[in-house]
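Report on one structure; see the data block that follows.
The values are calculated or read from the model by the stated rules, or taken from the named source; none is laboratory data. This is a predicted model, so every value here is computed, not measured. All Cβ positions, glycine included, derive from the backbone under ideal geometry; neighbour counts span all protein chains shown.
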Amino acid sequence: MIRVVYRWQVANENLVDFKKEWSVATNKIHESVPGALGSFMLQDLENDNEILTIAKWDSIESWRAFWGMETPKEMENMHKLGTRISAKAYSELDDYTR
């Protein structure tokens, strides 16, 4: 398993719409892209314009196949509302969340 951490800057006035577009995108990806296992979103407590979206994938190969051009069509509307600062993949060593 891997987790991909996407770091975003989203203006306060775009946050509600960004969250809606992220919900549509992450559900569409989870339902239609092989290896996609869902995602969650976090907001920085000190800088509310910094958003993390953290996706779970079955393998780095599945994510790379999806990632392709670095702006998958499922994420285009998110890019209209926020700026992606980075995207970085991590191996999941363990997970005790419930």
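Worth pointing out:
- Annotation: of all residues in the range 65-88 being farther than 19 Å from VAL16 by Cβ and hydroxyl-bearing (Ser, Thr, Tyr), the one that is modelled with the lowest pLDDT is THR71.
- Top-ranked residue in the range 45-64 [being closer than 18 Å to TRP22 by Cα and more than 15 Å from the chain's Cα centre (by Cα); ranked as surrounded by the fewest Cβ atoms within 10 Å (Cβ to Cβ)]: ASP48
- Failed criterion for ARG64 (all others in (1) touching a residue at least 40 places away in the same chain (Cβ under 8 Å); (2) of a type in the set (Lys, Arg); (3) part of a helix (DSSP H, G or I) hold): (1)
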